[in-house]
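First up is the structure itself, then whatever we jot down about it.
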Amino acid sequence: MTSNRIKVHPVLDVPEKENIPFYWNKTKLMAQKDEIISSALFANHIKIFGHHYKDGSAQGIFCANGQCAQCTVVANNIPVKACMTRVKKNMIVESVEGLPELPDVDETIQISDIEQISTDVLIIGGGPAGLSAAIQIEEHGVKAIIVDDKDELGGKLVLQTHKFFGSQEDSYAGMRGVDIGSMLARKVEESLNIDVWKSSTALYVFDDKKVGILKDGVYKIVTPKVILNAAGAREKFLRFKGNSLAGIYGAGAFQTLVNRDLVKPTNKLFIIGGGNVGIIAGYHALQAGIDVVGLAEALPRCGGYKVHEDKLKRLGVPIYTSHSIVAANGKESVSSVTISGIDKNFQIIEGTNKTFECDTILIAVGLESVAEFTQEAKSAGIKVFSAGDAAQIAEASSAMFNGKIAGLKVVRHFKPETKDIPQSWYEKAEILKSPPGPVKIDPVQIDPVENVDASGNKEGIFPVIHCRQKIPCNPCSTVCPEASIQMKGDPIKGLPQFNGKCKGCLKCLTICPGLAITLVDYRKSGENPTLFLPYEISNIEIKKDDDITLTDIDGNPLGVSRVLSARETKHSDKTWIVRTKVPKNIAGKVVAFTIQEKKVTKQITEKIPIDHIQDDEIVCLCERVTAGQIRYLVQQGMTDMNQIKAVSRAGMGPCGYKTCENLMKQIFNAEKIAQKDVVNNVRRPLFVEVPLGKFANGGQ
Amino acid sequence: MKTYDVIIIGAGSVGVPAAMSMAQNKLKVLVIDALASVGQGQNKKAIGGIRATHSDKGKILTALRSIEIFSTWKETHGHNIGWMQNGYSFPAYTSEGAQKLKDLMKIQKSFNLDIDWLSPEEYCEIIPGINKENLKGSTFSPKDGSASPLLAINAFYSKSLEYGARYRFREKVKTITISNDKDITVKTDKSSYCAHKVINAAGSYAKDIGKLINLDLPVEPDSHEGAITEPVQRFFGPMIVDLRPLKDPATQDSANFYFYQNNEGQVIFCLTPQHLMKGDASESTSIFLPQVAKRMVSLFPKLANLKVRRTWRGQYPMTPDGFPIVGETREFPNFINAIGMCGQGYMIGPGIGELLTRIVTCELKADDMDVLKHFNLYRNFSGAEQFK
């Protein structure tokens, strides 16, 4: 069996790595040196890591972020989280069947004091917001420690293979997220004032104004004067039948496996949620060579950027709007998904069930801020700022900008004489986080300005811009050497329009994050102009003389044509340019070509038996508590979540209430309990579980 | 206004089992609590240990009855409250420590408590992997045990509702109007209630309730941090209480600490630091985990690989001598205290609850009179509990 590793990727380098042996339940397998255990298992086609001690149900990856314990395995006798532990040569890894056994320890345990460290600023999170803040802090000579739980700075940027929106000036628009991430990381790592702690998890802001941090496996206690919370967001989960099967997880976990660890955790993916996160995950799946069976969105329109959605549709991924997931089917892991049409009140429309074969379901139904550190700092009485998703959920481009603002605020706390934060920064921050506008369908508005001669024939060369929705994005307008693309209405949020000269440099084509610009060249033939199309799934190779099925903006077919050439250009940054000839009547309509065949989306016609026990979907994954159990307690009159926890254990597990809180609130809602009558669960240390021995030995 | 037989202030470790016992005895009982549900004060902070091996008749008898209630709960009432008869052990690592424990054992044995001295070898058999260096042996009382405070109080609560007890949550008692010839009126921030008798079972807030009728009650809470780990397969039996005193170099800046593996397989632990926080603090501190972890992994190295899940701070409503205060007050015989449980309200609560019923129904037995002598509000508080 070949390994589930990504061997070619259109954007990411796939480095050669040393292979080392390890054992999985006595079978010898190969991992890559220093690989994370969960990825090594996925590479070897293993996605069930054990069975839950409560109900014997299968467990696998869920958060891929060390937050829960669904992926627990026993490595060299010690129960560990597979997603946070590196595999070692000849390591014996075993599945956890029920409760793990704690190994005997023969040698005496080293005991030493924990190092106490003071700092002016503690930045929690080295993603777009934290790094941007750190750069400001560095530039103004304030001392800071930045902690990040990953071994590489950049946060979720390092998982983003697509080019970014926003503007070049403010948020590096047109650059790929992964490159922005490493650029910002480099700046921070080279800085003199910022102490970078990688593989370091902030565990809690204690009330004695100290922050416990597990720094690369060694516990430290940090006393900061100011905390900047840039810890990002976590994904929301959903209630549906079968939601605890192995093979159901968030888009963040998926991107970690695929774009960081370069493994293919799935061959057939279905995505729930049509926001940018879900849509981009689908795009990343295609770039990883994973079939995307479909995407379901509960609203009548995807909430993500239209250009993102269109990219996916054009490549051949069906998008089911006004559809919701009804069930994940399978015995231990997912073998199919059932979705159903829903009405405007989100009620299921009988008879609209559709079941598709798939082995993995991504849940991308929204994010919520990791706000704990802010609250903890406040209650401890430490001055705290927040930025990025930890402050407000928005795009990474916005996180970078408001990180910059937060950074300067921190500087001003220490050096009040520093310049005021320019009003224009706040305005930009607002613009960058603005949601997508309505879709323009007025043809007068959307038809490109074309060079037409007196007899109606088109001539010359010019870009066709298929951008119909106002989003904060303008790199096409700033990259054009002829300044021929202008933003209509607003310099960032407006719609771009071509008006002027074009010398065919292709820069606008390759910088557009939405791949929404084509170039038409009538200079050689007015009847059959040459068409230039951007292409980013070069893992599926397109070459001269291939036939491609052209599509319009929405993915509707426009005929087949032959490829004249397909290659990267000097400035295209891994975006390929596919050249073909098309009849003039469709030249302005073609946007892309399909790569995924229709047969990928295989609807299962035979009836999938969905049992009719109501409410047996899981609310608390950690403790395997069902919606029915919670609903029963609510109906008994319990409105104090702490009491529900006491009785049912919902929220008492390793993730500490991070996943089930929203789902429980939905049940209160459904039972018509007013929000004001619900008493929230009390949050307590620790943020993630840590072995007791770490607190006993500071390595000193 | 409806007149209750009894109003209990506090739906915690004492108030809820008391309400259950009284309702079972056909008393009309109302429980008032400022918080939103049962056990939201210190009950949920308790680690769940239940022992009868105390050092005085009052606690021993009350705890013995409590153990009976906890241990037979499932067969009597059906709810799982996580009861385990896993025993208690107090290991000694100094000769003086061993001697002190052995002296206490004499008193305990005089009450027919099942407790014995284990040699280091015998002790290592029930706690495989415990540090043998300097181990002088340990007490072991196999009849003691543990149960989940969370499940237990909710079981008592649901049973008490079945027997007819009433509860008012999210109501703070503001005034108590009391005289010896009329029923008592208890006014909360939301309503007014009337009863023949009032029981103060307000735990950490007992003193504040006393103040409402100008009673100065010697109860001051101090607080300790506790924590719980991930669950693993059972790897040791009894509660381990390390009583080494502050001055021992091995213990640095903390006094006793204790831990056990609960019915879920999770290890729960708690430590008494040198500097106790007074009052109703619930702060988490950075000091606790390193302090307790050093002692735990020295004592039991195997624990080093066990992941800590959550920590919290809970209060011990302390009296000057470490013994509870239970009984009628001289000024107002209808105002009864069941306070100052000194961190043991959970384990003796069910026994105290029945005792309170007998106070209310005037059915006290001879033993009860002895017990109440120990718990008398008007005692001389200069003595000190040896064996908290």
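FYI, it's all coordinate maths here, none of it is from the lab. As the structure is a computational prediction, the values presented were derived from the model and not from experiment. Cβ: placed from backbone, ideal geometry, glycine included. Neighbour counts: every protein chain shown.
Brief remarks on what is shown
- When the Cα positions of B:GLY203, A:VAL688, A:VAL121 are compared along the charge dipole of the protein assembly as shown, A:VAL121 comes out farthest toward the positive end, with charges on each C-beta of Lys, Arg, Asp and Glu.
- Per-residue Cβ neighbour rank within 10 angstrom, fewest leading, A:HIS571, A:HIS9: A:HIS571, A:HIS9
- Database remark: amide H of B:TYR167 closer than 5 angstrom to the amide H of B:VAL31 (H placed geometrically; neighbours at sequence offset of 5 or more, or on other chains; Pro and chain starts carry no H).
- Distances between placed amide hydrogens fall under 5 Å for A:GLN32 paired with A:ILE20, all partners being 5 or more residues away or on another chain.
- In this calculation the C-beta distance from A:ASP547 to A:LYS503 is compared with R0 = 45 Å, giving a FRET efficiency of 0.90.
- Each label was represented as a point 7 Å from its Cα along the Cα-to-Cβ direction; for A:ASP677 and A:ASN193 these points are 5.3 nm apart.
- Extreme residue, positive dipole direction of segment A:443-600, given options A:ASN556, A:GLY489, A:ASN474 (C-beta unit charges): A:ASN474
- By the count of neighbouring beta-carbon atoms within 10 Å, fewest first, B:TRP312, B:TRP117, B:TRP83 end up ordered B:TRP117, B:TRP312, B:TRP83.
- The distance between label points at A:LYS331 and B:TYR163 comes to 5.0 nm (points 7 Å beyond Cα on the Cα→Cβ vector).
- For chain B, the longest principal axis of the alpha carbon atoms and the long axis of helix B:95-110 meet at an angle near 40°.
- For the residues B:LYS109, B:LYS190, B:LYS373, a GNM of chain B with alpha-carbon springs under 10 Å puts the largest fluctuation on B:LYS190.
- Measuring between alpha carbons in the structure, the pairs from B:LYS100/B:LYS136; A:LYS220/A:LYS383; B:LYS132/B:LYS302; B:LYS57/B:LYS109 lying more than 18 angstrom apart are A:LYS220/A:LYS383.
- If you bin all the Cα-Cα distances of the protein assembly as shown at 20 Å, starting from zero, the percentages per bin are 12, 37, 32, 15, 4, 0.
- Under 10 Å, Cβ to Cβ, from A:PRO481 - net charge with Lys/Arg +1 and Asp/Glu -1: +2
- Taking the C-alpha atoms only, the angle from helix B:288-299 to the longest principal axis of chain B is near 50 degrees.
- Take each peptide in A:40-49, A:543-552, count the other Cβ atoms within 10 Å of every residue, and average; sorted highest first, the result is A:40-49, A:543-552.
- The calculated FRET efficiency for the pair A:ILE92 and B:SER95, based on their C-beta separation and a Förster distance of 51 Å, comes to about 0.70.
- Taking B:PHE140, A:PHE401, A:PHE668 and counting other C-beta atoms within 10 Å, the order from fewest to most: A:PHE668, B:PHE140, A:PHE401
- Modelled label reach - A:THR418, point 7 Å along Cα→Cβ, segment A:124-154 residues with backbone N closer than 19 Å: A:124-147
- The relative contact order of chain A comes to 14 percent, based on Cα pairs under 8 Å that sit 6 or more residues apart.
- A Förster radius of 25 Å, combined with the Cβ-Cβ distance separating B:PHE111 from B:ARG379, puts the computed FRET efficiency at roughly 0.80.
- Extending 7 Å from Cα along the Cβ direction at A:THR321 and again at B:THR361 yields two label points whose distance is 7.0 nm.
- Sorted largest first, the spans of the alpha carbon positions of segment B:146-270 along the three principal axes are 57, 40, 22 Å.
- Subset of A:LYS47/A:LYS81; A:LYS28/A:LYS81; A:LYS268/A:LYS507; B:LYS102/B:LYS278; B:LYS207/B:LYS373 violating a 23 Å alpha-carbon distance limit: A:LYS268/A:LYS507; B:LYS102/B:LYS278
- Kirkwood Rh and Cα Rg combined as Rg over Rh, evaluated for segment A:443-600: 0.95
- Overall, the anisotropy analysis places segment A:615-700 in the prolate class: the square-rooted eigenvalues a ≥ b ≥ c of its C-alpha gyration tensor yield a/c not less than 1.5, with a/b exceeding b/c.
- If you run the Gaussian network model on chain B, springs between alpha carbon atoms under 10 Å, then out of B:GLY49, B:GLY340, B:GLY265 the most flexible one is B:GLY265.
- Between the helical axis of B:15-24 and the longest alpha-carbon principal axis of chain B there is an angle of about 60 degrees.
- Over 19 Å between alpha carbons, listed pairs A:LYS198/A:LYS264; A:LYS163/A:LYS311; A:LYS313/A:LYS598; A:LYS33/A:LYS88: A:LYS198/A:LYS264
- The number of Lys pairs in segment A:615-700 with C-alpha atoms less than 20 Å apart, excluding pairs fewer than 8 positions apart on the same chain, is 5.
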